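Data block below; observations after.
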Amino acid sequence: MNKKTHAVLIGAAAISLSACTLATNQTNQPAGQFETLDKFVQQSWKLPNFQLSRDVVMSKVPLRVSTYSYPSFIHRGQLNNLATRSKDLAGFCEQQGGQWRYLGPPVAEKSEPSQQPMPSNTALADAVNRAPVTENGMRDIVKMAEQASMSDVFKSLARSMLKQPDPLVADAIEYAMRQKWLGRFECQRDTTTWSAKISYAEWANRTDRTLIYKDVTLKIELAENK
C-alpha cells in the first residue's frame with residue numbers, strides 16, 4: 001500500500017468516525033429538549049388528548065392512612081407522593097435548559113370565610129417570654145415571628161382549601177406547601193417562559209380491603225408565555 005492510498009483510508013475512517021459520533025450525540029440528546037409542553041404532558045402523563053390552551057390536569061394522589069397506632073396518621077413516605085408532578089415539571093424544565101423557580105404558594109379560590117380561628121403559636125409566645133431585652137434578643141423574636149407567621153399562613157391556607165374539613169388531609173396539604181410541591185412555578189428559558197400552578201382540588205375517602213386511603217386530587221394549570 002503506497003502512502004497516498006494509506007492517507008486516503010485514514011481520512012475516510014476519520015470522516016466515518018465523525019459521522020458516528022454525531023449520530024450518537026443526537027441519539028443521546030435529552031428528549032425533553034425537543035418536546036413541547038403539550039407533548040410532555042401527553043406522553044409522560046399519558047394524556048394523549050391534552051391541549052395546553054384548553055385543558056387543566058387533575059391528578060389523583062392516593063395517601064394511605066396508617067392505623068396501627070392512635071391517632072391515625074399519614075406516613076412521610078406517602079406524603080412524598082404529592083411531590084411527583086412538581087418534580088416531573090422541574091425535571092422537564094431542566095431538560096429544556098431552563099431554570100425552575102418557585103414563585104409562592106397557590107392562591108386559594110374564593111370560598112366561605114373559615115370559622116376556625118388562626119392557630120396560636122406557642123413557640124412564639126414562649127420565645128417572647130424567654131428572650132432577654134437586648135438587641136440580639138429582639139432579633140431572635142423577629143426571626144421567630146417570621147417563621148411563625150409563615151407557618152400560620154400555610155396552616156390557615158390549607159384549612160381554607162378544604163370544603164370538607166379533615167385534619168389528616170389538611171396536614172398533608174400544609175406539608176406539601178411547606179416543601180414547595182404545591183404553589184406557583186415558572187420555567188425561565190432563553191426563548192420562551194412557561195408557568196405552572198399546582199393546587200389542591202378535592203379529597204375523598206377510600207377503602208381497599210383492610211387499607212384506608214385519603215385520595216387527594218391536585219389541579220395543575222399550565223401556560224406558555226412567548
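The values are calculated or read from the model by the stated rules, or taken from the named source; none is laboratory data. Just so you know, these numbers come straight off a predicted model, no measurement behind them. Note: ideal-geometry Cβ built from the backbone for every residue, glycine included; neighbour counts use all protein chains shown.
What the table shows:
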quantity	calculated
Single unsatisfied condition, residue 206 versus (1) within 18 Å of residue 63 (Cα to Cα); (2) modelled with pLDDT under 80; (3) among the charged types (D, E, K, R)	(2)
Any hit, segment 72-92, residues being touching a Gly at 6+ places or on another chain (Cβ under 9 Å) and surrounded by fewer than 17 Cβ atoms within 10 Å (Cβ to Cβ)	yes
Selection from segment 199-215 of residues that are out of contact with any Asp or Glu (no Cβ under 8 Å at 6 or more places or on another chain) and either β-branched (Val, Ile, Thr) or without any contact (Cβ under 8 Å) to a residue 40 or more places away in the chain (or both)	202, 207, 208, 209, 210, 212
Scan of segment 169-185 for residues that are out of contact with any Cys (no Cβ under 9 Å at 6 or more places or on another chain), crowded, with 18+ Cβ neighbours inside 10 Å and in contact (Cβ under 8 Å) with a residue 40 or more places away in the chain, ordered by number	169, 172, 173, 175, 176, 177, 181, 182, 183
Residue satisfying condition, being over 19 Å from the mean Cα position of the chain (by Cα) and either at pLDDT 50 or above or of a type in the set (D, E, K, R) (or both), within set 62, 48	48
Members of segment 49-92 that are assigned to a helix (DSSP H, G or I) and among the aromatic types (Phe, Trp, Tyr)	92
Flag for residue 188 being touching a Lys or Arg at 6+ places or on another chain (Cβ under 7 Å), of a type in the set (S, T, N, Q) and surrounded by fewer than 22 Cβ atoms within 10 Å (Cβ to Cβ)	yes
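Yes or no, residue by residue, for (1) farther than 18 Å from residue 107 by Cβ; (2) part of a helix (DSSP H, G or I); (3) in contact with a helix residue (DSSP H, G or I) (Cβ under 6 Å, 6 or more places away or on another chain):
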| site | (1), (2), (3) |
| --- | --- |
| 187 | yes, no, yes |
| 200 | no, no, yes |
| 207 | yes, no, no |
| 213 | yes, no, no |
| 218 | no, no, no |
| 223 | no, no, no |
